[in-house]
């Protein structure tokens, strides 16, 4: 099924970048602009009920829930629509993962609370939902000279013997970008969906202006970036994990 792309007639100046039409996201959360294709993969949201939860009591009245405190202190609550997994803790804290948009994540938390109430669980308040992390994949549709990028771009780490991608810590927006020679990118650490699109656009503009990317033919299919992350079989995923952790420091 084809995806329609629209642009605003108005332009906006962003961090010294030239005026250009601002893209409008379609309902699938996918943006296609010439060489770039970005797709939201996971949105992590949290909420705090600020009350004690009887997880064993919730387990008894919730079909399909899982709670094994010897292995994990939280109760696992899954929804089919939106397709998400919400972790409930005795402290009243909630963590929702698996959503494809911030809106879906917030809707999932609200639905879990509504279902708990319908099952006789007393919930004292409707909490504020906060987006903690937006994870996205992108395809810049070009080959990237990672060694040259590592030499010319600050706040990068590239050790191909340990990990096939270059790790770039972007300051504004504050995200971590895993960049691969094939033009595939993983963006983590964003707090909003617009930040993801801005980060990918700024990365692409930087690579193009410094002639660090060679564009290939157009392809609407978004290849899997996660399989490439460890495709060389190095068996060491500590480097990207450590870099991603730096974003919260």
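Here are the numbers for this structure:
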quantity: Verdict on residue 134 being modelled with pLDDT of 95 or more, buried (at least 19 other Cβ atoms within 10 Å of the Cβ) and in contact with a strand residue (DSSP E or B) (Cβ under 6 Å, 6 or more places away or on another chain); calculated: yes
quantity: Tally of residues being surrounded by fewer than 14 Cβ atoms within 10 Å (Cβ to Cβ) and assigned to a loop (DSSP other than H, G, I, E, B) across the range 74-119; calculated: 2
quantity: Flag if residue 195 is outside the structural domain of residue 98 (by TED's automatic domain parsing) and modelled with pLDDT of 95 or more; calculated: yes
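The values are calculated or read from the model by the stated rules, or taken from the named source; none is laboratory data. Just so you know, these numbers come straight off a predicted model, no measurement behind them. Cβ atoms come from the backbone with ideal geometry, glycine included; neighbour counts cover every protein chain shown.
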